[in-house]
1. Got a sec? What order do SER204, SER187 fall in by accessible area at 1.4 Å, biggest, i.e. largest, first?
2. At a 1.4 Å probe radius, carbon and sulfur cover how many percent of the accessible area of the chain?
3. Under the rule a/c < 1.5 gives rounded, and otherwise a/b versus b/c splits prolate from oblate, where does the stretch 97-176 land using the Cα gyration tensor?
4. To the nearest 10 degrees, how steep is helix 162-173 against the longest Cα principal axis of the chain, on a 0 to 90 scale?
5. Starting with the highest mean, order 109-117, 305-313 by the number of other Cβ atoms within 10 Å, averaged over the residues of each peptide.
6. Whenever you get a sec, line up HIS37, HIS54 from highest to lowest accessible area (probe 1.4 Å, protein heavy atoms).
7. With every protein chain in place, what's the accessible area of VAL124 (1.4 Å probe, Å², nearest 10)?
8. At 1.4 Å probe size, with every protein chain present, just tell me what the per residue accessible area of the chain comes to in Å².
Amino acid sequence: MPDSDLLPGDDTLVVHFAHVAYRLAERFARRGTEIAHFQTWSREDTLARIAEGHVLVLSGLWSDEMLDRAANLRLVQVCAAGYDQFDLDALGVLGVRLANGSGVNRNAVSDHAMALLLALARHVHTGRDRQREHVWRGMISDLDRREEELAGKTMIVYGLGAIGARVARLARAFDMRVVGIKRDVASHDGSANEVRAPDRFLESLAEADVVVLTCPLTPQTENLVDAGALARMKSDAYLINVARGRCVNESDLIDALKRGAIAGAGIDTTREEPLAPDSPLWDLENALITPHTAGETRRYEDNVLDILLENIRRLQRGEGTLVNTIV
């Protein structure tokens, strides 16, 4: 690596944290590194101070116009797994390295996926609704509407990365059968009972009681679940999306939920965020919505900082490979 690409030493290095909620700078200060750092809390403030940092740590506050002002920037550390908001070619031309936070929210997101599924299967979400109304719901006679057990059911997990693999292991702990969908079937780690290539996803839907999306957003996964895919699912099947909102055709999903074409959906990500107040999803009892919070835990900041500090040290030593290298 050329010397010009090396990060400065701790005495001159500046780290810029940018996030609307995560207390990254506060947690970083506890590490006692003596590296100068600061945090901005909005896109406007981040843009105004982008030139000050050699390292930028952020996710949702990014905009490509920041590159025009980031004269000192050498590393962007994404504090999440997704990086579809970045212009990778532009970063490469400017010599700015990019690494994502893959793995930092593995436990959190996989726990959340199972929480959404359990809530839907056990009617926890409707129980909460009735609680607000002070209504004690009676036992359900209609077998098609009654609570369900997970044991013996089949789950399809699209994307067997760190999150998807853990979802698979958790599901198997509930005695479920898991079919994983991943591009490189040869690299399967044994988390799923069976692994299939993406071109078999549609044909596999007919056997699924649950479909869980844990994949990145790519041209291949955008609108992965559309009217055609939903039509292949069982009427008593659930869709769980902890990937990206645009992996699902939202209008097709709304239509399927309204018609009862599938039993329900657990949704942590939507096409537009925040979800518009007039979205029909809000009023669908068979939709359980969380506001893109699957990855949030009390340990989130420290998980990000573990990766960040390792990548800083590697670049200071002149190493070319980062933890979770993207560019």
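1. These residues rank, largest area first, as SER187, SER204.
2. It is 48 percent, rounded to a whole number.
3. It is oblate, given that a/c is not under 1.5 and a/b is not larger than b/c.
4. The angle comes out near 30 degrees.
5. Details: 109-117: 23.7, 305-313: 19.0.
Result, highest mean first: 109-117, 305-313.
6. Ranking HIS37, HIS54 by accessible area, largest first, yields HIS37, HIS54.
7. For VAL124, solvent-accessible area is about 90 Å².
8. Values: 15990 Å² over 327 residues.
With the other protein chains kept in place, the chain gives 49 Å² per residue.
The values are calculated or read from the model by the stated rules, or taken from the named source; none is laboratory data. As the structure is a computational prediction, the values presented were derived from the model and not from experiment. All Cβ positions, glycine included, derive from the backbone under ideal geometry; neighbour counts span all protein chains shown. Only protein heavy atoms, including side chains, enter the accessible area calculation; ligands, DNA and RNA are left aside. Shrake-Rupley method; radii C 1.70, N 1.55, O 1.52, S 1.80 Å.
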